[in-house]
Each structure stands twice: as structure tokens, then as C-alpha cells.
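The values are calculated or read from the model by the stated rules, or taken from the named source; none is laboratory data. Note that the structure is a prediction, hence the values are computed from the model and not measured. Cβ sites come from the backbone with ideal geometry, for glycine too, and all protein chains shown count toward neighbours.
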Amino acid sequence: MSSSFTAFLNTVILLGVVQGFIMSGLLFFSKKQRYANRLLAALILVITLASFNLYGAHESWFGSPWLNFLSSLLPLVLIMLAGPLIYFYVKAHLDQSFKITKKQRRHFLVVIIDLVPSITVIIFIIGLLLHVFKNSNGPVWGSFIDRYNTYADIPRWASVSLYVWLATRYISTAKKQAAAGNGGQVVNYKWLQQLLRVFLVFQCIWFVFLIPYVIPKYSDKLLDAVDWYPIYIPMAIIVYWLGIKGYMVSQTVGDIKKTAAPVLLPPGTIKQVILLLESAMQQDKLYLNPSLNLDIVAQHTNLPPKTISLVLNQHMRKSFNEYINGYRIEAFKEKVVQPQMDSLTIAGIAYECGFNSQATFQRTFKQVTGISPSEFRKNMLQVH
């Protein structure tokens, strides 16, 4: 490639970097959809840092040996974070109450794959200071890092692809549930589907580039011919689009939901629905089914799922999960003081009451009662 064309491509990447830093900052401090926007800001920042790393390398880090040294220490390429951030952003956008739990944070542990080069440099520097390694060994360590970075792109590509697929499946499930009735809530599925399509196209481009790149005899020829531009130019375009479109969506979603016209039900219908739901819970004890969902309740009561959602959301001021878990919490309170339950753990009793996740039970119980299940059990046993 000519030097003028290379300069043009570098300028495109630089503009993407500047745009990425600005938009990630705006999204991070946005007051609307704060949690979802912070996840989107983190995703844009991950792409931006990787682009900045390439631009800095092409510009020899602006002739500064210190910047060059810091670039080898600081992990600027953290692509393993991109997949989980896409997936959790989709979840947070669809459910404003969503928060990443401690268990879900494990998804980000794969970032260790991106940290290995920086860790290797740190180990080498410490070895030099302790006179364990010789400076002449530097090329060997550098060669290891180069080879590692080549093959680390395989799990990076696989990770992003996996999470794009998981997010697509999650949206599909959410749309089916919404079709059954979501209490009048307006959800911008189109935006999320566009986001995933963009990343799907990028994954295809990356895959075409990756095949010759990981084959040793073609790797150098590929980089000599086109360098990393087939990957980083699309990344710059993604940053432009993701930042602007994502920010626009974040500023309008709240207004859309506020203007959504509520669906009104006759008082007689509301009363009938409440009676049928109470009968299904109190007499038939449907809440004991750990797989219980809106469709099952609708089939059992012969009520439209949308009608059930409307009554729960608009008249009982509860989500479907809050309504069901309320019965499960009360069942736990009754069972935990029974002598025959002494042999069971708190988690065991929770499962007996219909919970299928200990983390969900612990969180829900504390939200409802203000204390932990173990504290409640201890207090009740003291009373009895």
C-alpha cells in the first residue's frame, strides 16, 4: 500500500479512537438507562483501546520510548471482554432491573487470555532486575509474545461469536415472552438486532482474515500485504455507529416507555383474574414448580398471558417473578420452622419451595424481608 493511502487509513482509525473515547464517556455518565449505558460504554472503550494500540504501534508511539515501554506493560487489547459486554448489555437493555451478579462476573475471567503478554513482559523485567534473566534473552521472550498473540486471536474470535449467539438467543426468547404479553412495555428490539447483525458481519470479516493469519507460512505475507486494516477499519466504523446510535437510543428509550398508552381492563375482569391467580397459587400451589413461567400459569387458568401481565403490572404493581417469589418466600417462612426440616439446609428448603437458584432466593428473600434467610431462621428458632 502507498504511504498516502496508509496515512489515510491511520487517520480513519485515529478519528474512530477519538470518537470512541468521547462517546464512551457520554454513555458512561448518561442518566438514562444508566446500567445498560455503562455496559455499552465499556464495550466501546474495549474496541477503542484496541484501535488506539494499533495506531500507536504504527506511529511508533509518537517517538517516545516511554510510551512504547508503557504500551508493552499496559494491556490495551482486551477483546475477551467484548463478548460478555455485548451479552450483558442486551440483558440490561431489555430489563432495567438487571445487574451482573457475582456468579456472572466469572464470564469476565477469560480476560486472562489478553493479559498474558503484559504479564510476560512484567515477569521478564522482574527477572532482569533480579539478575535471573539476561537482556540478551529479550528476543526470545518477544518471539513468544508474538506467537502467543497470533494464536490468542482464535479464542478471542470464538468468545465474541459465542456471546453474539447467546445474545441473539436471549432476544428471541424475550420476544416470544413479549408476544404473550409484557404489560404494555415498549422494547426496542430493532436496535438490539441491528447491533448483533453488525457484530455478526464483523465476525465473518474477522474469520476470513483469521484463517490465513494463524497459518505460519501465510501470516507474514498477509500482514505485509494488508496489515491489520481489514480488521481495524471495520472496528473504527463500528465505534462511529455504536457510539452515535447507542447514545441516541439511550436518550429516547425512556421517553418511548413514558408515552406508551396503557391498556385498561374492566374492573370485573381484574377481579376475576386476581381470584384465578390466587386459586392457582394458594390451592394448586403452582409456585412450587421451579420451571413455572407465564405460559404455564396462562394454560392452567385459561387466561391470556397478556391479561395476566396487565393485572400484575398495572393493578398489583408486581412483575410476574415478584408475584410468584412472594408465595415462595411465604412457603419458606412456614417450612423453615417445621421440625422435619431440621435436616435440610436453607438452600434445600428453598428448593422445596420452588426456587431453582440459591442466589436468586438469597437476593429475593433479603429484598422482601430485609434480612438474610439464615438470620430469619435463627430468629424463628429462638422464638420457638
Of the conditions (1) part of a helix (DSSP H, G or I); (2) at pLDDT below 90; (3) in contact with a helix residue (DSSP H, G or I) (Cβ under 6 Å, 6 or more places away or on another chain), the single one that Tyr327 does not satisfy is (2)
Report yes if some residue within the range 308-315 is surrounded by fewer than 19 Cβ atoms within 10 Å (Cβ to Cβ), more than 25 Å from Thr173 (Cβ to Cβ) and not aromatic (Phe, Trp, Tyr); otherwise report no.
yes
Residue among Asn68, Asn53 that is in contact with a helix residue (DSSP H, G or I) (Cβ under 8 Å, 6 or more places away or on another chain), more than 23 Å from Gly243 (Cβ to Cβ), assigned by TED's automatic domain parsing to the domain that holds Leu166 and of a type outside the set (Asp, Glu)
Asn68
Could you check, for the range 71-91, whether at least one of its residues is in a loop (DSSP other than H, G, I, E, B) and in contact with a Lys or Arg (Cβ under 7 Å, 6 or more places away or on another chain)?
no
Go through Lys31, Lys103 for me and flag whichever is surrounded by fewer than 16 Cβ atoms within 10 Å (Cβ to Cβ) and touching a helix residue (DSSP H, G or I) at 6+ places or on another chain (Cβ under 7 Å).
Lys103
For Gly268, which of the numbered conditions (1) assigned to a helix (DSSP H, G or I); (2) modelled with pLDDT of 90 or more fails to hold?
(2)
Only one of (1) free of Cβ contacts under 8 Å to residues at least 40 places away in the same chain; (2) part of a loop (DSSP other than H, G, I, E, B); (3) under 26 Å from Thr101 (Cα atoms) does not apply to Ser291, and that is (1)
Those residues that are in contact with a Gly (Cβ under 7 Å, 6 or more places away or on another chain) and at pLDDT below 90, I need them from the range 228-255; list them, please.
Gly243
Which residue, of Asn182, Asn149, Asn188, is surrounded by 14 or more Cβ atoms within 10 Å (Cβ to Cβ), in the same structural domain as Thr120 (by TED's automatic domain parsing), within 30 Å of Val77 (Cβ to Cβ) and modelled with pLDDT under 90?
Asn149
